């Protein structure tokens, strides 16, 4: 039978962010973090090697989401390359502002 609550990198990322926001610090260790969130410790290591790796990927994740959103906005042929780049920057900084407690 397939796991009902399949863990993914995005889910771990989300759970880690929620933990940081609720506790103001890193979890004590990966074992407890996994146990508290009802998944196996080994599942964590399928995606990440440490909490530090998750933290380093936070800005990258926000930037990638910003680029994806900007690509949807930048479909008009009337927008110059400079304006497209400015759209990416604007969306990225808005994402950082919305997630300022994590960033």
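All of 65, 42 fail the test of being in the same structural domain as residue 9 (by TED's automatic domain parsing) and in a helix (DSSP H, G or I), apart from 42. Among the residues of the stretch 63-83, the one identified as at pLDDT below 90 and either under 15 Å from the mean Cα position of the chain (by Cα) or surrounded by 15 or more Cβ atoms within 10 Å (Cβ to Cβ) (or both) is 74.
If you go through the stretch 48-57 one residue at a time, do you hit one that is in contact with a helix residue (DSSP H, G or I) (Cβ under 7 Å, 6 or more places away or on another chain) and without any contact (Cβ under 8 Å) to a residue 24 or more places away in the chain? The answer is no, given that none of the residues of the stretch 48-57 is in contact with a helix residue (DSSP H, G or I) (Cβ under 7 Å, 6 or more places away or on another chain) and without any contact (Cβ under 8 Å) to a residue 24 or more places away in the chain.
For the stretch 19-39, filtering for residues that are outside any loop (DSSP other than H, G, I, E, B) and either in contact (Cβ under 8 Å) with a residue 24 or more places away in the chain or not assigned by TED's automatic domain parsing to the domain that holds residue 9 (or both) leaves 2.
The values are calculated or read from the model by the stated rules, or taken from the named source; none is laboratory data. Owing to the predicted nature of the structure, the values given are computational and were not obtained by experimental measurement. Because the Cβ atoms are built from the backbone with ideal geometry, glycine has one as well, and the counts that use them run over all protein chains shown.
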